[in-house]
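Below: one structure, written as structure tokens.
Each reported figure results from applying straightforward, stated rules to the coordinates on display, with no laboratory input. Note that the structure is predicted; figures quoted are calculated from it, not measured. Heads up, the Cβs are rebuilt from the backbone with ideal geometry, glycines too, and the neighbour counts pull from every protein chain shown.
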Amino acid sequence: MVQPYTSASTKARPRFSCQSTPKQAWKLAPLIAGQPLYRVGRWRGQRFGYPRPDIPPRITDALPDTPAAVMVHGPDGSVATLCLDLDTSKAAKHVVDSDAAGLGSLLAECGLRFVQDFSPSGGVHLYVPLKQRMDGATARELVEAMTLRAPSLDPGPHQNLGDGCIRVPGSPHKSGGHQVLVTPLSTAYEILRHRNPAAAVETLRRKLAPELRRRQELKERLRRAAALPNPAPAAAPLLAGTESPLRRIAQTGLFDANRYPSPSEARLAVLNHFVGSGWTLSQVEHELTGQFTGLAALYGTRTKQHRLLPKEWEKATAYVKERDPRRQGERHALINDTSPTKPTGGAPKPSNAAIHQLVNDLENVLYSVLDQRLKDRGREGHSLRLLLRALLSYMRAKNTNVLDVGCRTLAVAVGKHHATVARLLPILAANSDGILTKMEDARHKAADVYVIQLPEHFQQLARELTWRKGKIHGIRPVFRTLGDPAALAYEVIERGRHSPTTAEIIRATGISRNAIDNALADMASLGMIRRDGRQWKISATTSLTRLAIRLGVMDDVQAHISRNRKERAAWHAWLDRHLTPGAIAEDDMYDAERDEYWLPPTDDDYPLWAAA
């Protein structure tokens, strides 16, 4: 049983709604419908629906006595109006209201005018009339993309060409009352008669580029999975983007009443999840008006939220520390993918300033020498270059040049499989010209130990070159879907001493023109970069973390980390069974709600993320 948490009366008329009668509002129906027909709703046992009649009634000025829904599609499958149905069965009332405001802002930014109503159950409908009819497949694609921004949006009316329908303003409701028109009646007539031009719809498509790309990738995954002779059942959750129940609660405000008796227990479970995933209280607070609107809805009022959230966060922090003694004191790199590394040998540890200077010098050598050598190795060369960048990033973050970071941890940093990383590390060590050297083989729970140093024959070159601005990265999450060429091209633009042209990017990356052109076009369509004359520049207002969330890549990162933790726990359990008496219980190895990590924003992206 799923229990929505309602905060206020869903039948109250908004103060800004017009005073039109249901009969007056119903006269808008023919201007919204895809064809002049409607269906009558009725109960079938415990289920209410709009069955297909033998002869559907035509829309007239007479207001139906029973719930009525107009047809969204025309006889040819095209639509005259995009119908956005924000439903309280999908998310809590607060989330529905937040999604309605967010989608309204999006449509207004694109120059699209719309008509709005609300139902006695608390749902909201937005009607976007189109001057040129849109084919059903394109309309469905747009609406499904918007569901990735608004979790309460039900794409059902646009997913069925023959039966897609929606209640319009003035229509009776199954629970009593009518659909209430929010837009003033005269304004609604003006919007529906003049309608929106195709240019504004195209602007909406550009705004939804990340979501459209994400939907396409998810459908491609499902297609490939269906083509497998015997798809593994365990892989099914990953196809649609893994999403734990606690993450769903934080986004929608709906929870299982059999597991959580009240919103209080549901809130604490979500906060425990965030504490275990490394979030801070300020980060969660910033997202209560963003992707965690469901969590905000569980508090009911803003006053209650301000009063209870800090107290409940303290309880969650204490609970996680008590539940997992590994989190007390210093954390070890072998425990999880995001913990600090712990060197196991080598020379005395240099100072932090020396490590940062060494990384800066190594970056100069990487860009001027190693990149030129590795680019001739094709796709493998791209992976080797990014792997070395990930190692330098770990080196700077951990303030040490001796790393015992496991292949699974590096695999998350470069977006590859851990077996691929295990194959690439020896190749990189052999082709790094003395920069990367293996010191010790992996044994039991300990990973291979590598030392990173600046060979003497590179020291003069490193000192003659000017250090680059910014930080070095492996693969930031958004580039998992855009690809290695896009990551390397973005780095050239981001860290270059001047804004480069396309030809300069090709020379700097050593990647073919076609691949670079495609990467630049993809990034420009997502608003990551912009063209100023012949030069390419970074769009400072685009947050890579937020873009990764919109593209669904953070779900892939989440799944990758969770899979690594399970495999590592199984390996450690096997070692313990064979090396020590007794065995570890499964509950001691893995807790689904504690270990399904939802990564907080990175330090680099946080300022833009917090200001948004």
**Q.** Relative contact order %, segment 352-547, counting alpha carbon pairs below 8 Å whose residues are six or more apart
**A.** 21 percent
Q. Residue farthest toward the positive end of the dipole of segment 20-215, with Cβ of Lys/Arg at +1 and Asp/Glu at -1: which of Thr81, Gly49, Ser105?
A. Gly49
Q: Between beta-carbons, use under 9 Å as the cut-off and find the net charge around Leu370, counting Lys and Arg +1, Asp and Glu -1.
A: 0
Q | segment 245-331 - percent relative contact order, Cα under 8 Å, separation 6 or more | A | 36 percent
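If a/c stays under 1.5 just call it rounded; otherwise compare a/b with b/c (prolate if a/b is bigger, oblate if not). Do that for segment 353-412, with a ≥ b ≥ c from the square roots of the Cα gyration tensor eigenvalues.
oblate
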Q) Which shape class applies to segment 414-454: rounded if a/c is under 1.5, otherwise prolate when a/b exceeds b/c and oblate if not, where a ≥ b ≥ c are the square roots of the Cα gyration tensor eigenvalues? A) oblate
Q: Determine, from the Cβ-Cβ distance of Leu308 and His457 and an R0 of 60 Å, the FRET efficiency 1/(1 + (r/R0)^6), rounded to the nearest 0.05.
A: 0.45
Q) In the structure displayed, which of Lys90/Lys219; Lys23/Lys90; Lys93/Lys471; Lys438/Lys566 lie more than 32 Å apart, Cα to Cα? A) Lys93/Lys471
Q | Hz values of 3J(HN,Hα) by residue in segment 205-212 - Karplus curve (6.51, -1.76, 1.60), Gly and Pro given as x | A | 4, 5, 5, 8, 4, x, 5, 5
Q) Structure shown: which of Lys321/Lys416; Lys174/Lys304; Lys27/Lys174; Lys27/Lys131 lie over 29 Å apart, alpha-carbon to alpha-carbon? A) Lys321/Lys416; Lys174/Lys304
Q.
Net charge around Leu465, counting only other residues with Cβ within less than 10 Å of its Cβ (Lys, Arg = +1; Asp, Glu = -1)?
A. -1
Q) When the distances between all Cα atoms of segment 245-331 are binned every 5 Å from zero, what whole-number percent does each bin get? A) 3, 15, 26, 27, 17, 8, 4, 1
Q) Label-point separation (nm) for His444 and Gln372, each offset 7 Å from Cα along Cα-to-Cβ? A) 4.7 nm
Q) Going by how many other beta carbons lie within 10 Å of each one, how would you line up Trp26, Trp279, fewest first? A) Trp279, Trp26
Q. Taking square-rooted eigenvalues a ≥ b ≥ c of the alpha carbon gyration tensor, is segment 20-215 rounded, prolate or oblate, where a/c under 1.5 means rounded and, failing that, a/b exceeding b/c means prolate?
A. rounded
Q. Short version: ³J(HN,Hα) in whole Hz for each residue of segment 442-450, in order, from phi by Karplus 6.51 cos²θ - 1.76 cosθ + 1.60 (θ = phi - 60°), x for Gly and Pro, what are they?
A. 5, 8, 6, 8, 8, 8, 4, 10, 10
Q) Which ³J(HN,Hα) values, rounded to whole Hz and listed in residue order, are derived for segment 516-529 from phi using the Karplus coefficients 6.51, -1.76 and 1.60 in 6.51 cos²θ - 1.76 cosθ + 1.60 with θ = phi - 60°, glycine and proline given as x? A) 5, 4, 5, 5, 5, 5, 4, 5, 5, 5, 8, x, 7, 9
Q | Selection from Leu465, Ser543, Leu488 lying farthest towards where the dipole of segment 352-547 points positive, charges on Cβ | A | Ser543
**Q.** Point-charge dipole on Cβ atoms (K/R +1, D/E -1) for segment 352-547, about Cα centre, debye to 20
**A.** 560 debye
Q. With charges set only on the Cβ (+1 for Lys and Arg, -1 for Asp and Glu), what does the dipole of segment 419-524 come to about its Cα centre, in debye to the nearest 20?
A. 260 debye
Q. Roughly how many debye, to the nearest 20, is the charge dipole of segment 20-215 about its Cα centre, given +1 on each Lys and Arg Cβ, -1 on each Asp and Glu Cβ, and no other charges?
A. 120 debye
Q: With an 8 Å cut-off on Cα pairs and a minimum separation of 6 or more residues, tell me the relative contact order of segment 20-215 in percent.
A: 29 percent
**Q.** Extension gain (nm, one decimal) between Leu106 and Ile55, 0.36 nm per residue minus Cα-Cα
**A.** 14.5 nm
